[in-house]
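I have placed the structure first, in the form of structure tokens, so that the comments after it can refer back to it.
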Amino acid sequence: MKACRVPTNRGNRMAKLLARGLLAAGVIAMQVGPARAAEIGETDFNALKDLVRQQGQQMQHLQEEVLKLQQAHTADEQQHKQDAEQIQQLIQRLAAQPASTNLPNEAVIAAAEMQPIPRVPIDEATVNHNFSILGDAEFQYAKTEGQHGSFLFADFAPIFLYRGGDRVLFEAGFDFVLQNNAPAGAGSATTVNLSFAQLDYVLNDYVTLAAGNLLLPLGTYVLRGAGWLNKIPDDPLPRELLPGSGIGAQLLGAIPLGEEGKMINYAVYGANGPGSADGTGNAGALDLGGNVGLRSDNAIANLHSDPSGGGRIGFFAPFKPHYDFEIGISGQSGQWDNAGRHLWSAAVLDASVHLGSYFETRGEFINTWYGSDDLGRVHPQGWWIQTGYKLAGLDLELPLINNVELVGRYDSSHDGLGIKTRRATLGYIYYFSNTLLFEGDYEFLHSNDPTQKDRFVLQLSYGF
């Protein structure tokens, strides 16, 4: 609704024009009075005539301005009348509504918020926003005792992430490795492995359902320390005793304990479990990662009758920023041979400690056992511990020194079939940035396997 009001600037202009007109009229009256009529010459008469003409033009312009203001006033009155009619119609419609639908404003708003939002097609911009590519790449120079030193493309491991809304997530990781065909042939070959691929559905703040080729929560290494996040170029030896992934489904999440950041994290899953590489129950046929549900003859079937089950439960406790402690226990058990006569089982104890931004240590104790046709009960086990200290904690104000982290690891493994290996690793990391790392280490090996030798490794890692 609009109220009619003459603008202030227009009123001022009208007042000025009226004043000019009155002044001109007074001047004319004085100049043409009877006493001086005889003294006016032709020049003065022409000047007076021009002045009268100008005043007439100004009066005409003033009349036009007044007309415009009257038209605007008429339009405002019409708009006001239309607004009043619309308000009256709305009042009549509301009065005609049944009493049951005459809800207070708060109830109307709540009812509107409860209505489902119509699904709109996902445009290209939304798809790109919900899709991400992460991962890492590593390039090495390695020299093993008794072998020639060599440059190698160690790994390219992209991770594809897609978010299909607030509840649906998909993630998949691959490993690309380049190696020689010699001595079998010329050239090289690229090996591509699917590390994991899982679909996640967030049930609520405490539970997520995941299904697919899962990263198994046996310890925490594969979830938090693999790839460029690992501060030493290779994996701990006893991790070879466990499967890294498996086809199945799991429930996982975390439950907070109070408001200090303490929490219980958990996972429980079912998976196909290990299988037999040759179909027998012999100890050497154990295959930790080959039972994926689709056999080499394209038959869809598990290699044995029962899947495996497992899980992990952990406790995380922060003391203050960058100071925390975590401990967890995990395990898995299920059949592994085709005949279904033997079980494979594992138990893992993991722990980690952070003391400020500069010091961390973590490790795992891994214990596995399984039955076999030829050797009976086989008992592989091992453990590892790894520590890192960033020299920036010394507060030396030396840029090159502050970018260095010293790392060390000790690991031990017994495969249960007679091979025992112990290894001590000392090394460093130079941080060009948080994602570009230059690593170097020397590995001291002691093993009854003659192929295991000391090794020197330089690695350039980039995480993206």
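The values are calculated or read from the model by the stated rules, or taken from the named source; none is laboratory data. In this text, all values refer to a predicted model and were calculated from it rather than measured experimentally. Neighbour counts are summed over all protein chains in view; Cβ atoms, including those assigned to glycine, are modelled from backbone coordinates with ideal geometry. Each accessible area value is taken on the protein alone, full model and side chains, heavy atoms only, with ligands, DNA and RNA left out. Shrake-Rupley method; radii C 1.70, N 1.55, O 1.52, S 1.80 Å.
What is the residue count in the stretch 415-442 for residues that are in a strand (DSSP E or B) and in contact (Cβ under 8 Å) with a residue 40 or more places away in the chain? Looking only at that region, the number is 8.
Quick one: would you say Gly382 is within 24 Å of Gly253 (Cα to Cα) and part of a strand (DSSP E or B)? The answer is no for Gly382. Filtered by the rule that a residue be hydroxyl-bearing (Ser, Thr, Tyr) and either without any contact (Cβ under 8 Å) to a residue 40 or more places away in the chain or touching a helix residue (DSSP H, G or I) at 6+ places or on another chain (Cβ under 6 Å) (or both), the stretch 404-414 gives Tyr410, Ser413. When the test is whether a residue is charged (D, E, K, R) and over 24 Å from Ala210 (Cβ atoms), Asp297 passes it. Among the residues of the stretch 316-332, at least one is surrounded by fewer than 18 Cβ atoms within 10 Å (Cβ to Cβ), β-branched (Val, Ile, Thr) and within 26 Å of Arg362 (Cα to Cα). Of the listed requirements (1) touching a helix residue (DSSP H, G or I) at 6+ places or on another chain (Cβ under 6 Å); (2) open to solvent by 50 Å² or more (accessible area, probe 1.4 Å), Arg422 misses just one: (1). The set of residues in the stretch 151-164 that are within 17 Å of the chain's Cα centre (by Cα) and open to solvent by 90 Å² or more (accessible area, probe 1.4 Å) contains only Arg163.
In the stretch 165-192, of all residues being surrounded by fewer than 15 Cβ atoms within 10 Å (Cβ to Cβ) and of a type in the set (Gly, Ala, Ser), the one that is nearest to the chain's Cα centre (by Cα) corresponds to Gly165.
Among the residues of the stretch 353-370, the one identified as open to solvent by less than 60 Å² (accessible area, probe 1.4 Å), free of Cβ contacts under 8 Å to residues at least 24 places away in the same chain and over 22 Å from His322 (Cβ atoms) is Asn367. The residues of the stretch 409-418 that are surrounded by 14 or more Cβ atoms within 10 Å (Cβ to Cβ), on the phi < 0 side of the Ramachandran plot and at pLDDT below 95 amount to a single one, Asp415.
The single condition among (1) modelled with pLDDT of 95 or more; (2) open to solvent by 20 Å² or more (accessible area, probe 1.4 Å) that Thr435 does not meet is (1).
Among residues of the stretch 446-458 that are at negative phi, those with a Cβ under 6 angstrom from a residue that is open to solvent by 40 Å² or more (accessible area, probe 1.4 Å) and not in a strand (DSSP E or B), sequence gap 6+ or separate chain, pair up as Asp449/Ile419; Lys453/Glu145; Lys453/Gly146; Asp454/Glu145. Evaluate the following for Asp373: is it closer than 26 Å to Asp287 by Cα, open to solvent by 10 Å² or more (accessible area, probe 1.4 Å), touching a residue at least 60 places away in the same chain (Cβ under 8 Å) and not hydrophobic (A, V, I, L, M, F, W, C)? Here the answer is yes, as Asp373 does meet what is asked. Ala317 falls short on exactly one of the conditions (1) modelled with pLDDT of 90 or more; (2) at positive phi, and that condition is (2). Against the conditions (1) over 22 Å from Pro243 (Cβ atoms); (2) open to solvent by 70 Å² or more (accessible area, probe 1.4 Å), Glu405 satisfies every one except (2).
When each of Pro238, Pro183, Pro158, Pro233 is tested for being in a loop (DSSP other than H, G, I, E, B) and closer than 29 Å to Ser461 by Cβ, the lone residue that passes is Pro233.
For the subset of the stretch 252-298 comprising residues that are among the aliphatic types (A, V, I, L, M), assigned to a strand (DSSP E or B) and open to solvent by less than 70 Å² (accessible area, probe 1.4 Å), which member is nearest to Gly309 (Cα to Cα)? Filtering first and then ranking leaves Ala271. In the condition set (1) closer than 30 Å to Ser305 by Cα; (2) assigned to a loop (DSSP other than H, G, I, E, B); (3) of a type in the set (S, T, N, Q), Ser357 is compliant with all but (1).
The residues in the stretch 443-456 that are β-branched (Val, Ile, Thr) and assigned to a strand (DSSP E or B) can be counted, and the count is 0. Restrict the check to the stretch 445-455 and report whether at least one residue is over 24 Å from Leu355 (Cα atoms), touching a Gly at 6+ places or on another chain (Cβ under 7 Å) and of a type outside the set (Phe, Trp, Tyr). Yes; the residues of the stretch 445-455 include at least one that is over 24 Å from Leu355 (Cα atoms), touching a Gly at 6+ places or on another chain (Cβ under 7 Å) and of a type outside the set (Phe, Trp, Tyr). Looking only at residues in the stretch 321-342 that are in a strand (DSSP E or B) and under 30 Å from Ala301 (Cα atoms), the one that is nearest to the chain's Cα centre (by Cα) is Ser330.
Kindly indicate whether any position in the stretch 202-212 is assigned to a strand (DSSP E or B), of a type outside the set (Ser, Thr, Tyr) and open to solvent by less than 30 Å² (accessible area, probe 1.4 Å). The answer is yes, given that some residue of the stretch 202-212 is assigned to a strand (DSSP E or B), of a type outside the set (Ser, Thr, Tyr) and open to solvent by less than 30 Å² (accessible area, probe 1.4 Å). Would you be able to say whether some residue in the stretch 281-300 is farther than 20 Å from Asp373 by Cα and either β-branched (Val, Ile, Thr) or in contact (Cβ under 8 Å) with a residue 60 or more places away in the chain (or both)? Among the residues of the stretch 281-300, at least one is farther than 20 Å from Asp373 by Cα and either β-branched (Val, Ile, Thr) or in contact (Cβ under 8 Å) with a residue 60 or more places away in the chain (or both), which makes the answer yes.
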